[in-house]
Each structure stands twice: as structure tokens, then as C-alpha cells.
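Trainee: Here you go, one structure.
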Amino acid sequence: MLLMGSNTTEAHPIIANRMKKAVKSGLKIIVIDPRKIDMVKVAHRHLQINVGTDIALINAFIRVILQEGLFNKPFIEKVTLDFDKLKEQVEPFTPEYAAAITGVPAEDIVATAREYAASSGSMIAYTLGITEHHCGVNNVFDIANLALLTGNIGKPGSGIMPLRGQNNVQGAGDMGCLPNQLAGAMSLTNDEFRARYEKEWNVTLNPIAGDTQTRTFDRIETGDLKALYIIGENPLLADVHMNHTRTIFGELDLLVVQDIFLTETAKVADVVLPARSWGEVEGTYTNTDRRIQRVRKAVEPHPNTKEDWEILCELSSLMGYPMQYRNSEEIWDEVRRLAWEMYGGISYDRLDNEYSIHYPCPDENHPGTFIMHERFHQEEQTKKAPFVPVDYTEPMELPDKDYPFILTTGRRYESYNTHTQTRHYAAGVKIKQKEETIDIHPDDAQHLGITNGEVVQVRSRRGELRVKAKVTEQVVPGLVFMSFHWHETPTNVLTLNEYDPISGTAEYKACAVTIEKLAN
Amino acid sequence: MAEPNFVKTICGYCGTGCGLVLEVQDNKIVKIRGDKEAPVNKGQTCVKGAFAFEYVHANTRLTSPLLKKAGKLVEATWEEAYQFIASRLTEIKSTWGPNAISMFACARSTNESNFVTQKFMRTVIGSNNIDGCNRT
């Protein structure tokens, strides 16, 4: 298994435990990460890659596999398109060339490519270390290229596994909270799908895809976007280039925030609505591997709070489109009716009995779909999977003499995102990291005359802050790490507002900073 | 003190989807353990899932709608808050069109709430400007 850009132990601890257990049964994990993360302890090999150079590395893997004839020829002929284009694209990426870009020794590149291609089943797991780059989508394309090249997809013990960060980030998108799709991943621009919804909802739907969050911010800036309604998110603290986000929120005519706490974002809203939290609501979540599971109410909420769907139904009725549901099951049954191909067979009753069911599950007798893309290994292919060759592009802001360090950001074990919830641990739990630090290599610390725990000044071209230094060999010289959990240390004043042009994901993983020792 | 009751649910933090058993006493979650029957975690939990639950009962929870008056957020009734939002959204929609309104959905909320969220945006507002934190 290639574990790419995933600090699994801290961000997905239980998945890390499962991986570690699998190592004992013979799984070889190759960690590809700029930091010496905990998973390196159980790794067969660690490729300590320079931040943002994943494509150079993967293209070199592909080239080795091609040169040595380790690709799956029948699979490529049967299911893929554009193999020749891939060959052409990776041609310059010799192991030596890639070694110069990535900092990974050429022999490690060759050995990893051979092992990935030759094993009886190889998997790639990745997290935000792959996607939070200006080239995040291309990074993912290249991962898919590698899997297709070797036929490592659609069968047990293979595949591509993005580890998702929120309990229901998969489900929220699947339910249609995306600008281009309706529930059940149905394309909004497809007339047939839209007609299905129009009939059920008795409205005419706008057929033009809407704005991503990224584009929403752009359109606030140009004055075209007047009202923003935010549910359970804290973008002011979570998004890149925080000082800019704060300024543009002031431009809105209306900002509505629906949340359980008065977050930094709620404080600047025109109206704040008190919502119910986990533990107070009924429903379902969809996890990282497409399991639908039941979420149950454990405690009676404060009587003056309301559940998200209840608020929207009441507002909707007031605005002239009556929406009424007696409970969450009624809503779920509407989802099952509309997106029956995905959820038709997943009833609350079945979930109570079976615990979890993987979608797609079109009818009550269907067991659910544990492995996706099995068709690749079955009958004649009607729909082929094209290779999407991609080129390496360097991070948007590289270190220079004024800003000599690369800052990469991520999460820490005990805290969750903007820390509004993980501030409240049960009594008696010992927490190791209670405040933000900038993690810096001992050589750099020594050079700057900084000791462990000393407060330093960190500046980027966009903002500055003070934070304690944590001297650690987890990072390499020239690289520093911070999380964005604490509002007292708003790391995103430093980060860069450059985005992937396709996904709109920001380059959280790389920007240039300078670190200064404070005068006594 | 009342007898505790036990509620099975799924963890609300990361995307792993661990099954948990919540021990509830006097309307408070007092303890959480991993559910041995859960296919994902088979009884295990991490520090967040097992211990970071006090936020549910925090006294800093919002318990009233707030409206900005003279630059300050002050407590309001649901009726006032709804009327304010409905009239402002309607006005903005009729002046600038549905494309002037955008919504950020919540990746921590249930499938059911998210379904209703996008339905609200697409039916009432008539806009597809809805997105979540998929990109962050």
C-alpha cells in the first residue's frame, strides 16, 4: 500500500490501527510524506518527498513500470483509453530526474514502482496531502493512472482509497450539496434526472451548475453575491488567507449562520440560528467507504434549538414553498425514491438490523456494493476509463531569501478542525497538545537560535502571527508545520489563496514564510 | 440519579464512521465506548471519539436566535429571525436574482439535513449555488 499525504495516526486513528494490524499479517506500507509521521514506524519504506512534488514521483513510477514491462497489458487493452498519451507524458521522468525534483533517491523510486506493480494486490490511500495543492486534481488523476496501469482497481486488496475528513463529507456531497449534482450523484445538467426531481418537487429546476465555495468568495469580492447562508461551518478560521476572508464577509448584504456555537464566523453574521448537535438528532451518515449508518438521538436538546432540516422547512414554508416532514426517516425515504439506484434498498429497518450498507444498493434484496468498479474485471467493457496524463508543476509560492521556509499545514491528534467542539473534553482526560506550535527541525532551530517552547514571529506575504516553536525531527530542514485548530493562533492568516482550477481546493500544503527570533 | 441508558450511534468526527455506545444519565452523555458490533472499528475508539463529547452540554451552546441590531448581535425570537431572513432573502432574490444567493452546507450534519438543505436552495431560492467543505 502506498500511503500518500495521509497522517493517518492523527487524522484517522482507527484506520491507522487497522493498517498497523494488517502490517502484522504481511501488508507492506510505503509512506510517501514530507514529514516523518508516526506511520513511518510501521512502514516498509519512507519516501520523504519534497512538498508538492507528487506528480514527478508518480510519473517516474509509471515510467519505471513501462520500461520494465510490469504493466497489466490485457487490462489496459480491455478497459482503458489513451495509453500512448500516458507513455509520452512520463517519458522525461527518469528516476534520476524525479529524484532531483522530489528529493527521493532514484533507487527508492525504482524499488517502490517495482513493488507496487509486482504485488498480488496494491492499494493507494491518500488524504489532503494529495488534494490541498494547486494541482490537487492532477495529483488524483496521476494516482488513478498508476492504478489503471497495473489493474489495481475493482478487486479485493486493490483500489484507491481517499480517507475523508468529516463524518459526513461524503454524504453531504452525495445528497446534492454540490453545485453540479442532485442527490445520488446525479448530474444536474442531465434532463432526465432533473425531470425526476421536478416531478417529485413540483418545481422547474435551474439547469445551470452553481458556484463552488471558491467561486462564491470571488463573487462576493466583485459584488455579485449578496447573501450567504452558512450551516455548521467556520470558514473564517478554516479558509486560506484569513484577513482577506474577513474583509469580504463585510461586503455581504446578508450573512446567515446556523451553528451550535458562536464561532468566529457567527460573530460577524447578521443573524445566527441555534442548531442541534450530534447526540441530539436522528438520521444517517455516509462514511469514507460509502457505508450508510444510523445516527441516533441520545439526549433531549435545549427546547429553543432546532434541527437543521426543521429550520429549513419552516423557512421554506414561510417563503411560499411548504416543506413538511414528520421525521428524518420520511426525508430518507424521499431520497430512496429519487435516487433509488444508490439508496433504494437502504431502509432504516435494514440499517437497524444490518448496521451498515454500502451504496449503491438499488433494492431491498441487494446486499450493497462493497467493492466499486468490479466491472473492470468482468464482462465486455461498454465504458472505458481513459488515462489522464499530467505534468508536474511546482508549488505556487516557493521559498526565497525573504521567506526561506516552506510552511505546510495539517491536523493534530486531539483536536478537530477549528476546535469548537474538541475544546470540550471530558474531565480528567490528559491532553498533550493544548496550543498551536510551529514544528521546526533542530538544525533550523539551532541556526535561528531558537529553543523548544520559545515564542517566535512567523510572517508570510499575507499576514503574521506569534507562536511557540516545537523542535522536532518530524520535519526536514527548510520545512515547518502548523495546524489551524486554535483561533488564538490563526494559521490561515499565513496561507496562500491559490486554488486548483478544477476543484477550487486551496493550496494549504505549501506557502513561504520567514521565522524570526523575538528580541528579549 | 436515574439508571443509565445506552444509545448506539456513529461518531461525529472524522470520516471513518466508528460505531459508538453512548451511556446517558439524567439527559447527559456520561461515557462513550466503542461498539464491539460495529463493522468499522470493532470496539475501538480514538481520543476524540471517546472523550471529546462535552461540547454537547457546554454552557456556551447557542440557545436563542441572534439578530444584529445597531452592530451588535442580540437575542431574538425564532419568529423574528425567520421573518428577517425570509424578507431579506426574498428582497435580494427579486432585486438581484437567485444567483446573488449562496449556501454552504454542513459536512458534519446528517444526510437527511443535507438533502433538505439542497432542496431548499434549489426549490425556494432557485439557485444551484450550494457547496460544502469538500474542497478544504
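Trainee: Which parts of the range A:287-322 would a label at B:LYS28 reach, counting a residue when its backbone N lies under 13 Å from a point 7 Å out along Cα-to-Cβ?
Mentor: none
Trainee: Another one. Applying a 10 Å radius around every beta-carbon, put A:482-489, A:21-28, B:107-114 in order of their mean neighbour count, most first.
Mentor: By packing density, highest mean first, the sequence is B:107-114, A:482-489, A:21-28.
Trainee: Further, regarding this structure: Show me the GluC sites (Glu not before Pro) within the range A:377-462 that DSSP assigns to loop and that have at most 13 other Cβ atoms within 10 Å of their Cβ.
Mentor: Sites meeting the loop and neighbour criteria: A:GLU379, A:GLU380, A:GLU435.
Trainee: Here's something else I'd like to know. State, in angstrom, two size descriptors of chain A derived from its alpha carbons: Rg to one decimal place and Dmax to the nearest whole number.
Mentor: Rg and Dmax of chain A, Cα atoms, are 24.2, 73 Å.
Trainee: Could you tell me the center-to-center distance, by alpha carbons, between the range A:435-487 and the range A:183-225 in angstrom?
Mentor: Here the two parts' Cα centres lie 43 Å apart.
Trainee: Provide a whole-number value for the mean count of partner chain Cβ atoms within 10 Å of the Cβ atoms in peptide A:325-332.
Mentor: Mean number of neighbouring Cβ atoms from other chains: 3.
Trainee: Mind putting together the pair-distance distribution for the range B:1-115? All Cα pairs, 10 Å bins, whole percent per bin, short to long.
Mentor: The distribution over the range B:1-115 is 11, 25, 28, 19, 14, 2, given as percents.
Trainee: Provide, in order from the shortest bin, the percent of all Cα-Cα pairs of the range B:5-57 in each 5 Å bin, continuing until the bin that contains the maximum pair distance.
Mentor: Percent of Cα pairs in each bin: 5, 23, 34, 24, 11, 3.
Trainee: Please report the orientation-averaged projected area of the range A:405-517, defined via the convex hull of its C-alpha atoms, in nm².
Mentor: For the range A:405-517, averaging the hull's shadow over all directions gives 7.7 nm².
Trainee: When the dipole is taken about the Cα centre of the protein assembly as shown, and only Lys, Arg (+1) and Asp, Glu (-1) are charged at their Cβ, what size is it in debye, to the nearest 20?
Mentor: 1300 debye
Trainee: At q = 0.29 Å⁻¹, what is the base-10 log of I(q)/I(0) for the range A:329-369 according to the Debye formula with one equal point scatterer per Cα and no solvent? Please give it to two decimals.
Mentor: Per q value, in the given order, log10 I(q)/I(0) is -0.99.
Trainee: In addition: Could you work out the mean count of beta carbons from other protein chains within 10 Å of each residue's beta carbon in A:442-451?
Mentor: 0
Trainee: Once the mean 1/r over all distinct Cα pairs of the range A:138-268 is inverted, what Kirkwood radius in angstroms do you read off?
Mentor: About 17.9 Å, per the Kirkwood formula over Cα pairs.
Trainee: PRE reach from A:ILE502 (point 7 Å along Cα→Cβ): which of the range A:132-175 fall under 14 Å by backbone N?
Mentor: Under cut-off, by backbone N: A:132-146.
Trainee: Under a point-charge model restricted to the Cβ atoms of Lys and Arg (+1) and Asp and Glu (-1), what is the dipole moment magnitude of the range A:428-520 relative to its Cα centre, in debye to the nearest 20?
Mentor: With only Lys, Arg, Asp and Glu charged at Cβ, the dipole is about 280 debye.
Trainee: Mind checking the mean number of beta-carbon atoms from other chains within 10 Å of the Cβ atoms in A:281-288?
Mentor: Other-chain Cβ atoms within 10 Å of each residue's Cβ, averaged: 6.
Trainee: Which of B:PHE115, B:PHE6 has the fewest other C-beta atoms within 10 Å, and how do the rest follow up to the most?
Mentor: So the ranking, lowest neighbour count to highest, is B:PHE6, B:PHE115.
Trainee: Within 10 Å of each candidate Cβ there may be at most 14 other Cβ atoms; applying that plus a DSSP loop requirement, which GluC sites (Glu not before Pro) in the range A:272-374 survive?
Mentor: A:GLU364
Trainee: In addition: Which translational diffusion coefficient, to the nearest whole µm²/s, is obtained for the range A:240-283 from the Stokes-Einstein equation, given a Kirkwood hydrodynamic radius over C-alpha pairs, 10 °C and 1.306 mPa s?
Mentor: 134 µm²/s
Trainee: Give a quick list of trypsin sites (Lys or Arg not before Pro) in the range A:413-448 that DSSP marks as loop, anything other than H, G, I, E or B, with at most 10 other Cβ atoms within 10 Å.
Mentor: Listed in order of number, the matching sites are A:LYS430, A:LYS432, A:LYS434.
Trainee: Now for a separate question. Considering the alpha-carbon set of the range A:15-145 alone, what are its Rg and its Dmax in angstrom?
Mentor: Looking at the range A:15-145, its Cα Rg and Dmax stand at 14.7, 40 Å.
Trainee: Further, regarding this structure: Can you tell me the FRET efficiency between A:LEU448 and A:ALA100 if r is taken as the Cβ-Cβ distance and R0 is 30 Å, rounded to the nearest 0.05?
Mentor: After rounding to 0.05, the efficiency reads 0.65.
Trainee: To the nearest 0.05, what FRET efficiency results for A:LYS28 and A:ARG296 with a Förster distance of 51 Å applied to their C-beta separation?
Mentor: Taking R0 as 51 Å, the efficiency between A:LYS28 and A:ARG296 is 0.85.
Trainee: Identify, among A:GLY504, A:ILE515, B:VAL56, the residue whose Cα sits farthest towards the positive end of the charge dipole of the protein assembly as shown, taking +1 on the Cβ of Lys and Arg and -1 on the Cβ of Asp and Glu, with the dipole about the Cα centre.
Mentor: B:VAL56
Trainee: By how many degrees, 0 to 90 and rounded to 10, does the Cα axis of helix B:78-96 deviate from the longest principal axis of chain B?
Mentor: Approximately 50 degrees, to the nearest ten.
Trainee: Additional query: GNM on chain B, C-alpha springs below 10 Å: top fluctuator among B:LEU62, B:LEU89, B:LEU20?
Mentor: B:LEU62
Trainee: For A:VAL257, A:VAL140, what's the fewest-to-most ordering of other Cβ within 10 Å of each Cβ?
Mentor: Least crowded to most crowded, the residues run A:VAL140, A:VAL257.
Trainee: Once label points are set 7 Å from the Cα along Cα→Cβ at both A:THR393 and A:GLU516, what is their separation, rounded to one decimal in nm?
Mentor: About 3.3 nm separates the two model spin labels.
Values in this text are rule-based calculations from the coordinates and carry no lab data. What you see is a predicted model; the values in this text were computed from it and never measured. Using ideal geometry, Cβ is built from the backbone for each residue, glycine included, and neighbour counts are taken over all protein chains shown.
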